[in-house]
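Asks: Take this structure first; my questions come after.
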Amino acid sequence: MPVVEVDPDELRRLTGEPDRSEAELKADLFGLGIEYEGETDDGAFELEFAPDRLDRLSVEGIARSLRYQYGEDRGVYIPDTTDADWTIEVEDSVPDERPYVTGAIVRGLDLGKAELESLIQLQEKLHATMGRQRAKGAIGVHDLTMLKPAGDTADDKHIIYRGVEPEADTFVPLDDDAERTPAGVLAEHPVGDTYGHLVADIERYPAIYDAVGLFSFPPVINGRRTEVEASTRDLFVEMTGTDQWTIDRMLTIVCYALDARGGQVEAVDVEYGDRTLHRPDLSTTTKAVSHERIESTLGVDLAGETVLDLMERAGLDATTGGDAAGRGAASGAPADDAVEDVELEDVPTRTADTRSDAPDSGPADGSAAAGASTADETGLTYEVEIPPYRVDVRHPMDVVDDVGRAYGFNDLEPRYPDVATVGGRTRASRLEDAARDALVGLGFEDLLNFHLTSEPALFDRMGLSPDADAVGAREPPVITEPYSEDYTVVRTWALPSLVQVLENNTHRAYPQDLAEIGLVAAEDHDRPTNVVEHRSVAAVLARADASYEDAKARLQAVARAFGTELSTPPIDHPSFIDGRTAVVVLDGEAVGVVGELNPRVLVEHDLEVPVAGFEFPLDGLR
Amino acid sequence: MKLPDTQVALLEAASATDAKTVAQLAEQLGADPAAVTRAAFELEDAGLLAVDEDVAESDALTAEGERYLEDGLPERRLYEAALEAGADGAPVEMGRVIGEAGLDGEAVDIALSNFARKGLGEIDTGELVADPVAAETDPEAEALAAVADGSGGTQDPGVLDRLEARGLLERRETTVRSVTLSDDGVTALMQGVEAAETVGAVTPDLLSSGEWRDVEFAEYDVAADAETIAGGKEHILRQTANRVKDVLVGMGFREMAGPHADADFWINDCLFMPQDHPARTHWDRFALDVPPMAPEDLPDLADRVAEAHRHGVGEHGDGYHSPWDEAFARAVALRGHTTSLSMRYLSGHRAHGPDARSRNPRSEDLAGDLEPPQRYFSVEKVYRNDTLDPTHLLEFFQIEGWVMAEDLSVRDLMGTFTEFYDAFGITDLEFKPHYNPYTEPSFELFGEHPETGESIEIGNSGIFREEVLRPLGVDCDVMAWGLALERLLMLIYGFEDVRDVHGTLCDLELLRDVEVVA
């Protein structure tokens, strides 16, 4: 979950609520689903939220959401954009691995230290989230006045996105004094370690040029020449990446933030060989949302104008149509004549819960106000306009969620769904419980161990070789990148886990009679997942006089309880003592092992008492 | 009057005029003093005897004192050896005397210091001279002997103090009880007292002969602690899991089962988790080093899932602007949540999980499409590749539940969870709007801790997105929620380190002593 540092005074200034107390501010933020996690040494709030509203990765974005919440802003806001003066020309030499670029100019900024820090934080947070650590999208912000257009004429102001050979050119990167080639940056500059892998295997590196030369090496580092300072008034913002939509949305979020700081957004044309894009793309999208879906999701009846009001308070614009049919998948198209504008009342209204088809739908919402619409909302559909910074709206249901949040989900009265179903457990789970009851009845302490363990625990320490023909000796599923050397595989048998518990409890009173029913697994290419899994029954008896007899007596009792026929012909197993070990044969099938643990295994686990035990698959008891 | 043996004997041995101590009586009767004392109190309770208590001081030798009584005090042994060696004339080398006295270890120091203290001679630069005129008798040795034969009281208190200081003597205060017959006791004796027979155990003989009617059973000290036995007990986390299952079955939920190691397709892709989502990167995922699932084992609905990722679902749906690769979907990992089971059940592809005894391991148990309404749950293990600490385990139990029905609302979701948590004493649920890639709307559930009253996160919930449901072939609504069972356990029991309970580092004593779930 992203965490953003926000100066509460900045937030008060940007929301136009200078007198908001700290407690009120925190409550307002919680209402947006933003949690106050703590404070930095400078008194900035550390705010955490779910990674859907990436437009809130800066103080400007959070302030915008609060203004909607306070009712100071309503509906969709689109920043004014002046016409394009500059062009980004995309050359064929651009590497296929990073083919896309976008950009915008923002003029007339008055960036102080705080504003600059906020911009840098936004950039970092966008890199970490949408940008997937710069792999999918990387942002470069430059001082426009330091750029010299590469055009032939005064009117032709363009810069160039191209691919360069790693050693073909040089520039002075940020935080550096030396001229370096892109390859030199990867080898010698600290950022090389962090981002070098993103371009390491590319033949030509992504590079951005003006008339003076190379000034940006995305996604690794910018040049020092165009570095932005607190005195910078005009910015050139470029983004490169592997997906046009993603970098365009990142750009949109940055433009909204700079617009909130008083900057004038100026368009930039992006010229690919076959097409020209006008950026930033601040066009809205439209989703059709049915009134019925909103009501059925929230479980309350709402008047049409209430819904429209809630949408505006969520920063959306909506118009109503009588019928969804024939409206089609309109996107950005102006509303046609059939759309009637609904006049909004000044006071938002909610209807009482009067849904006629749900007489038992719980007590009416206590906060329901007068002014309910009597209009028939059957078939009513809203054409909802969604601002371009909303990267999280994929489906009409995301709009329903916005309406619910604006309404206040916690104002809804819970009701138990009037739906009858029959409950029950699986047969396997009932069998497992019955077997566990039987073991506990025989005096075993029921245990619960990790399914994950290590190969030494399963094999070496048990005196067992993984390729032996013996219970427990199977190829374990191996974890590709384990965190800890103690947990590297899924266990092939459960007995070693119990022996480890004995090892860790030698200071506790004996007898220690332990049992476990739990998962064991092995690699098996006859299964769709290439892993075979089953539940295993394992037990150990550790006491001064533990013997084969004790283990077998209990094994017999379990078999008898399940009406299963048990026989125990002798066998050798490396973990047990020869001559005191047997196969567990249940209903004629050889499935497990019972015996006295080999002293080698006992000594390995620092045990000073004899241990007898058994293990067999649970489904042997069916 | 019939009385137990010991009481009868005691009554007969006691006198109305001459108080006798319990010790004397015990010796006289050849009985255990404790049994006599008990009998005396019982007779006193019956009014037949009077018991008087006096506090007396008594001396006893310590083990060391007993040893010196036998071997002689170390300094006397040294003195005698010195005389033997002729040290009453010329100085003799000290080591030799010690050797001849048979002293070693601590006894050497004891001998030397007391030798000097008692003026038995002089020690100088490793040589020893014995004073030939030193007293032949030693008051400390005499006192030792006197204490041993019980006449310590005749000795000089100063000498006794010295013995006590040397750790050779222990002085104790003891309560001396003496008994005299009461008037009732005398009367009872005159009227005749008989011994009642007491027996140690109920035996088959006793029962069949009918003798049990006439015997009295020897009394036990019923208040004393008995032997400690641990007994078997179902693991505390299992008990909690079963309680959860009981509650859910009671609410009409049916249990799901399925594979722990599964294709990423079921674990993540069906859940509309974009393939470049941070949670699907290597450091959160437990990828297994086994071959991927074969392309033919990926269900037909994979194309619809891919389409949802790329282009969304429905007329107004948008997809992710992220790559979708079938090979990644087929990769096998340990499940990070049991929502993989929900996906299998909702799509009608429930695979054989653990315990399936299929003769044809590739055949999938196609349950067919589920028709609403349905309720399903599981309480099963999930795996997270993370560091182990007091509140985080690599594997833990997830409670997963979902309800399938036409037109489910957020209120139905709230009502269901309110009902569930209420069964565990967690009330006043708060629903914090949240974001999950697979549900919309989504809520984090907060509840009040039953003990501390603080508001804590107790689950995550929501209504499955159409991008999840439509590719699975589900046309109605499904609401779902998930919660870590360990969290519920820690809430109920106040455990602070979950590792004490779960895993091979568990403490057997804690498991043996923990209260059962009721």
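The values are calculated or read from the model by the stated rules, or taken from the named source; none is laboratory data. These figures come from a predicted structure and were not determined experimentally. With ideal geometry, Cβ positions are generated from the backbone for all residues, glycine too; neighbour counts draw on all protein chains shown. SASA here: full protein model, heavy atoms, side chains in, ligands and nucleic acids out. Shrake-Rupley method; radii C 1.70, N 1.55, O 1.52, S 1.80 Å.
Asks: Across region B:268-326, what is the total count of residues that are among the β-branched types (Val, Ile, Thr), in contact with a helix residue (DSSP H, G or I) (Cβ under 6 Å, 6 or more places away or on another chain) and either more than 11 Å from chain A (Cβ to nearest Cβ) or surrounded by fewer than 17 Cβ atoms within 10 Å (Cβ to Cβ) (or both)?
Replies: Count: 1.
Asks: Scan region B:400-428 and report the pairs whose first residue is facing another protein chain (nearest Cβ under 7 Å) and under 27 Å from A:ASP301 (Cα atoms) and whose second residue is open to solvent by 10 Å² or more (accessible area, probe 1.4 Å) and part of a helix (DSSP H, G or I), with Cβ atoms within less than 7 Å and a gap of 6+ or a chain change.
Replies: Once the first residue is facing another protein chain (nearest Cβ under 7 Å) and under 27 Å from A:ASP301 (Cα atoms) and sits in region B:400-428, its partners that are open to solvent by 10 Å² or more (accessible area, probe 1.4 Å) and part of a helix (DSSP H, G or I) give B:ASP407/A:SER296; B:SER409/A:SER296.
Asks: Could you please find all residues in region A:390-420 being facing chain B (nearest Cβ under 7 Å), part of a loop (DSSP other than H, G, I, E, B) and crowded, with 18+ Cβ neighbours inside 10 Å?
Replies: Listed by number, the residues that qualify are A:ARG394, A:HIS395, A:LEU412, A:PRO414, A:ARG415, A:PRO417.
Asks: Pull up region A:453-465, narrow it to residues that are in contact with a Phe, Trp or Tyr (Cβ under 8 Å, 6 or more places away or on another chain) and closer than 25 Å to B:ASN385 by Cα, then point me to the one that is nearest to the other protein chains (Cβ to nearest Cβ).
Replies: Result: A:THR453.
Asks: Is it true that some residue in region A:371-381 is at the interface with chain B (Cβ under 10 Å from one of its Cβ atoms), in a loop (DSSP other than H, G, I, E, B) and either modelled with pLDDT under 50 or surrounded by 20 or more Cβ atoms within 10 Å (Cβ to Cβ) (or both)?
Replies: no
Asks: Okay, next question. I need every pair where a residue in region A:24-43 that is in the same structural domain as A:ALA63 (by TED's automatic domain parsing) has its Cβ under 8 Å from the Cβ of a residue that is open to solvent by less than 60 Å² (accessible area, probe 1.4 Å) and of a type in the set (Val, Ile, Thr), sequence separation at least 6 or different chains.
Replies: The qualifying pairs are A:LEU29/A:ILE62; A:LEU32/A:ILE62; A:ILE34/A:ILE62; A:GLU37/A:VAL3.
Asks: For residues that are farther than 25 Å from A:LEU11 by Cβ and part of a helix (DSSP H, G or I), scanning just region A:236-286, find the one that is most open to solvent (accessible area, probe 1.4 Å).
Replies: Out of the qualifying residues, it is A:TRP245.
Asks: To continue, here is another question. Report those strands (runs of 3 or more DSSP E) wholly inside region A:117-209 carrying at least 2 residues which are farther than 22 Å from B:SER322 by Cα and among the aromatic types (Phe, Trp, Tyr).
Replies: A:205-209
This table checks each residue for (1) part of a strand (DSSP E or B); (2) among the aliphatic types (A, V, I, L, M); (3) touching a residue at least 12 places away in the same chain (Cβ under 8 Å); (4) in contact with a Leu (Cβ under 8 Å, 6 or more places away or on another chain).
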| residue | (1), (2), (3), (4) |
| --- | --- |
| B:TYR435 | yes, no, no, no |
| B:PHE443 | yes, no, yes, yes |
| B:SER461 | yes, no, yes, yes |
| B:VAL468 | no, yes, yes, yes |
| B:ILE492 | no, yes, yes, no |
| B:THR504 | no, no, no, no |
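Asks: Looking for something part of a loop (DSSP other than H, G, I, E, B), hydroxyl-bearing (Ser, Thr, Tyr) and open to solvent by 30 Å² or more (accessible area, probe 1.4 Å) - is there at least one such residue anywhere in region A:513-536?
Replies: First, the residues of region A:513-536 that are part of a loop (DSSP other than H, G, I, E, B): A:524-530.
Within this subset, residues satisfying the condition of being hydroxyl-bearing (Ser, Thr, Tyr) are A:529.
From the residues that got through so far, the ones that are open to solvent by 30 Å² or more (accessible area, probe 1.4 Å) too are none.
The answer is no; no qualifying residue exists.
Asks: Kindly list the number of the only condition in (1) part of a helix (DSSP H, G or I); (2) open to solvent by 10 Å² or more (accessible area, probe 1.4 Å); (3) touching a strand residue (DSSP E or B) at 6+ places or on another chain (Cβ under 8 Å) that fails for A:ARG233.
Replies: Every condition holds for A:ARG233 apart from (1).
Asks: Identify, by number, the condition in (1) touching a Gly at 6+ places or on another chain (Cβ under 6 Å); (2) open to solvent by less than 10 Å² (accessible area, probe 1.4 Å); (3) hydrophobic (A, V, I, L, M, F, W, C) that B:ALA261 doesn't meet.
Replies: Only one criterion is unmet by B:ALA261, namely (1).
Asks: Follow-up. If you check A:ARG132, A:ARG53, which single one turns out to be open to solvent by 20 Å² or more (accessible area, probe 1.4 Å), in contact (Cβ under 8 Å) with a residue 60 or more places away in the chain, outside the structural domain of A:LEU308 (by TED's automatic domain parsing) and in contact with an Asp or Glu (Cβ under 8 Å, 6 or more places away or on another chain)?
Replies: Residue meeting the stated conditions: A:ARG53.
Asks: Only residues that are in contact with a Leu (Cβ under 9 Å, 6 or more places away or on another chain), modelled with pLDDT of 90 or more and more than 7 Å from every other protein chain (Cβ to nearest Cβ): list them for region B:369-388, please.
Replies: B:TYR376, B:PHE377, B:SER378, B:VAL379, B:GLU380, B:VAL382, B:TYR383, listed by residue number.
Asks: Here is a list: A:ARG430, A:ARG474. Which entry is touching a residue at least 40 places away in the same chain (Cβ under 8 Å) and either surrounded by fewer than 20 Cβ atoms within 10 Å (Cβ to Cβ) or in a loop (DSSP other than H, G, I, E, B) (or both)?
Replies: After applying the criteria, what remains is A:ARG474.
Asks: Another question, then. Name the residue, out of B:GLU219, B:GLU234, B:GLU227, that is modelled with pLDDT of 90 or more and either under 34 Å from the mean Cα position of the chain (by Cα) or within 7 Å of another protein chain (Cβ to nearest Cβ) (or both).
Replies: Just one listed residue meets the conditions, B:GLU234.
Asks: Using the structure shown, decide if A:GLY424 is without any contact (Cβ under 8 Å) to a residue 24 or more places away in the chain, over 21 Å from A:VAL601 (Cα atoms) and surrounded by fewer than 20 Cβ atoms within 10 Å (Cβ to Cβ).
Replies: So A:GLY424 fits the description; yes.
Asks: Among the residues of region A:498-512, count how many are open to solvent by less than 10 Å² (accessible area, probe 1.4 Å), touching a residue at least 12 places away in the same chain (Cβ under 8 Å) and at the interface with another protein chain (Cβ under 7 Å from one of its Cβ atoms).
Replies: 2
Asks: If I go through region A:477-488 residue by residue, how many of them are more than 8 Å from chain B (Cβ to nearest Cβ) and crowded, with 24+ Cβ neighbours inside 10 Å?
Replies: Looking only at that region, the number is 0.
Asks: Say we look at region B:478-487 and pick out the residues that are out of contact with any helix residue (DSSP H, G or I) (no Cβ under 8 Å at 6 or more places or on another chain) and either of a type outside the set (D, E, K, R) or not in a helix (DSSP H, G or I) (or both); which of these is nearest to A:GLU292 (Cα to Cα)?
Replies: Step by step, filter region B:478-487, then rank; the result is B:LEU483.
Asks: Counting only residues that are in a strand (DSSP E or B) and over 30 Å from A:GLY441 (Cβ atoms), how many does region B:230-283 have?
Replies: 3
Asks: What strands (runs of 3 or more DSSP E) completely inside region B:39-144 contain at least 2 residues that are touching a residue at least 12 places away in the same chain (Cβ under 8 Å) and touching a Gly at 6+ places or on another chain (Cβ under 6 Å)? Lay out the reasoning, then the answer.
Replies: Working: elements: B:49-61, B:121-124, B:127-130.
Hits in region B:39-144: B:49-61, B:127-130.
Asks: Hey, can you tell me all the residues within region A:281-321 that are among the aliphatic types (A, V, I, L, M), within 14 Å of chain B (Cβ to nearest Cβ) and either within 25 Å of B:MET414 (Cα to Cα) or more than 29 Å from the chain's Cα centre (by Cα) (or both)?
Replies: A:VAL289, A:ILE294, A:LEU298, A:VAL300, A:LEU302, A:LEU310, A:ALA314, A:ALA318
Asks: What single numbered condition from (1) more than 8 Å from every other protein chain (Cβ to nearest Cβ); (2) surrounded by fewer than 20 Cβ atoms within 10 Å (Cβ to Cβ) fails to hold for B:PHE464?
Replies: All conditions pass for B:PHE464, except number (2).
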